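Before any comments, here is the structure.
A short reminder: the numbers here are calculations on the coordinates, not readings from a lab. It should be emphasised that the depicted structure is a prediction, and the values quoted were computed from it without experimental measurement. We place every Cβ from the backbone using ideal geometry, glycine too, and count neighbours over all the protein chains shown.
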């Protein structure tokens, strides 16, 4: 995995916490992590299908919110702040039956109290599957 210099400790912490969460259950794998770009893959299989054998839109949204919230979290001091999703939308462009999809998240806005990230999910042949925008709140830990 490609990790921005200085983020190794945060990424290791995240890896320890993620295995038994939705992240782990869906088979998400990070490819690269930085303050300005997050990339992860997700298998398209029985775990991520809807009943008719297509990639479930909710799985795409879970991938998108994971990339957006992780990217925002990499930008804050986690001893003082948490990052939580406030709103997410997704446009499902193309269906996928099998293989792997790749999500790429980039920030559109990184403020003190909110972040907005765009996530594009593509198929193995690099066709757009889903595009999502996620707004996150940066909240002080009490």
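Tabulated results
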{"quantity": "Bins of 5 Å, starting at 0 and running to the largest distance - Cα pair percent for segment 2-140", "calculated": "2, 11, 21, 23, 21, 13, 6, 3, 0"}
{"quantity": "Förster radius 30 Å - calculated FRET efficiency between residue 12 and residue 97, Cβ distance, rounded to 0.05", "calculated": "0.30"}
{"quantity": "Helix-only [θ]222 nm of the chain, DSSP H runs n ≥ 4, -39500 (n - 2.57) each, per residue, nearest 500", "calculated": "-7000 deg cm²/dmol"}
